[in-house]
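Worksheet for the structure shown next.
The values are calculated or read from the model by the stated rules, or taken from the named source; none is laboratory data. For clarity, every value in this text was computed on a predicted model and none was experimentally measured. Cβ placement follows ideal geometry from the backbone for every residue including glycine, while neighbour counts extend to all protein chains displayed. For accessibility, only protein heavy atoms count, side chains too; no ligands or nucleic acids. Shrake-Rupley method; radii C 1.70, N 1.55, O 1.52, S 1.80 Å.
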Amino acid sequence: MADGQAGNAAGPVLVLWDIDQTLVKAGPASREAYADALLAVTGRPLTERVDFGGRTDLHIARETLRAHGLLPTDDLITRLNETFAEIFAARADQVRREGVALPGAVALIGALADLPYVHQSVLTGNQAATAPVKLALLGAAARHLRLDIGAYGDDHEDRDKLVPLALGRAAAATGGGFAADRTVLIGDTVRDVEAALHNGARCVAVATGYTTADELARAGADIVLADLTDVEAVLDVVRSLGRAESAA
């Protein structure tokens, strides 16, 4: 039986992509826009560095405010994130000039789109308003990512909570029966791996960010790749979910 036929028999597979350092590198525009936003909202320059890796924008805002001696109230977090989104959107031309799609990303998205049982979206720490600016670096391949069924960094502060949100949105939008054990997260940080494991999903980790391959493996990723150019390795994980139920 062909992979596409087996996948249809088994039900849909959801592939959720991290964005930063996994699909694209957006260049300095994001941190520069964040510095401008913090200054505009609080009057304070960005002097303390907060680890952005794998964190949601809600988490980043809270920790940034604390690091600068400010009480992270819900109102202040909201104003900081909304201001950042506006300033970052205004830097879209800078992102296009300085950002890049990472090796293999476009080809792999296209290969997954050829599997009729696969639905692709994002599970990202970015806000829903800022994600499309970065995804534009993928060119035409971005059209294969259904952003309406994704989960974002302004949905919940805890990345682990984003997986069930994406599953619920995918089910509501498509009428399909999506399950965590038929979901694959693809990301570059330990937090991506932990979000998958916490929810019973599979995880493909890529060492294209600031986390080493050894660290990703120790965190429990199903497979760890140097980058996304090994298209067949990722397809093997997804196809195994397409065959699993039909073989039972």
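General observations
- Solvent-accessible area per residue, Å², over the chain with all protein chains present [probe radius 1.4 Å]: 42
- Descending principal axes extents, the stretch 105-161, alpha-carbon based, whole Å: 33, 24, 16
- With each label modelled as a point 7 angstrom along the Cα→C-beta vector, the A67-D148 pair spans 3.7 nm.
- Stretchable slack from T78 to V231, in nm (0.36 nm times residue separation minus alpha-carbon distance): 51.2 nm
- Cα shape, the chain, gyration tensor, a/c 1.5 rule: prolate
- Net charge of neighbours whose Cβ lies under 11 Å from the Cβ of D188, counting Lys and Arg as +1 and Asp and Glu as -1: -3
- Size of charge dipole - the stretch 152-248 - debye, nearest 20, with Cβ of Lys, Arg +1 and Asp, Glu -1, no other charges: 380
- Mean residue ellipticity (222 nm) of the chain, computed from DSSP H runs ≥ 4 via -39,500 (n - 2.57), nearest 500: -14500 deg cm²/dmol
- Helix 57-67 axis versus longest C-alpha principal axis of the chain: approximately 30°, rounded to the nearest ten.
- Of the residues L137, L197, L14, ranked by 1.4 Å probe accessible area with the largest first, the sequence reads L197, L137, L14.
- The trypsin sites (Lys or Arg not before Pro) of the stretch 30-79 that meet both conditions, a loop assignment by DSSP and at most 12 other Cβ atoms within 10 Å of the site Cβ, are R49.
- Accessible-area order (highest first, 1.4 angstrom probe) of the listed residues D18, D236, D158: D236, D158, D18
- Heavy-atom accessible area order for I60, I87, largest first, 1.4 Å probe: I87, I60
- Helix 74-90 and the longest principal axis of the C-alpha atoms of the chain enclose an angle of approximately 80°.
- Across the alpha-carbon atoms of the stretch 143-248, the computed radius of gyration and Dmax are 13.9, 39 angstrom.
- Charge dipole (the chain, unit charges on Cβ, about Cα centre) - positive-most of G139, V204, A67: G139
- Placing unit charges on the Cβ atoms only, positive for Lys and Arg and negative for Asp and Glu, gives the chain a dipole magnitude near 280 debye about its Cα centre.
- Given R0 = 25 Å, the distance between the Cβ atoms of D51 and L165 translates into a calculated FRET efficiency of 0.60.
- Modelled label positions at E86 and D158, each set 7 Å beyond Cα in the direction of Cβ, lie 3.2 nm from each other.
- Cβ-based net charge around R96, under 14 Å, with every Lys or Arg adding one and every Asp or Glu removing one: +2
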